[in-house]
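Let me begin by presenting the structure, written as structure tokens, before commenting on it.
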Amino acid sequence: MICFVDLNFEQGKRNLYSYWRSSCSFRVRIALNLKYDYKAVNLLKGEQSHPDFLQLNPVGFVPVLVDGPAVIFDSFAIIMYLEDKFPQQHPLLPTDIHKRAINFQAVSIVSSSIQPLQNHSFLMYIQKKVGLDEKLPWA
């Protein structure tokens, strides 16, 4: 098991706690476009439930961005943080209000309608309830 928490953070250093197959983490890795240290969290081994990781994110999900003293989890929150912190160097959203709203609309659809059904814990729950063959259509 890896140790997740380093409270002796270094100003200007970024750590991204992530799992390579996580689409939420993938979004952040694309948007980050800055130097960062990748910290692997193996969801299949349950590392997201380790007490040290839960100190970073009590919800136990990836991704988590540690940017100096700031700890942000949830891909949308991280992306908005990056947008606000690096508006000139790192523009992620259009300035047009209508186009921005369309982006937020897409985020809402993914977050509330699509993503929950792809969540590993949800798929494991379905598999326990109905079996592997019935789980596959949900995946």
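Derivation of every value follows stated rules applied to the coordinates shown; laboratory data play no part. All figures in this text were calculated on a predicted structure; none of them were measured in a lab. A quick note on method: Cβ atoms are made from the backbone with ideal geometry, for glycine too, and the neighbour counts reach across all protein chains shown.
For the reader, a short list of remarks on this structure follows.
- Fraction of antiparallel bridges per DSSP, the range 14-85 only, in percent to nearest 5: 65
- Between residue 14 and 37, the built amide H atoms are under 5 Å apart, and every one of these is 5 or more places off in sequence or on another chain.
- The range 23-119: C-alpha gyration tensor shape, a/c 1.5 cut-off, then a/b vs b/c: oblate
- About the Cα centre, charge dipole magnitude for the range 14-85 (Lys/Arg +1, Asp/Glu -1 at Cβ), debye: 240
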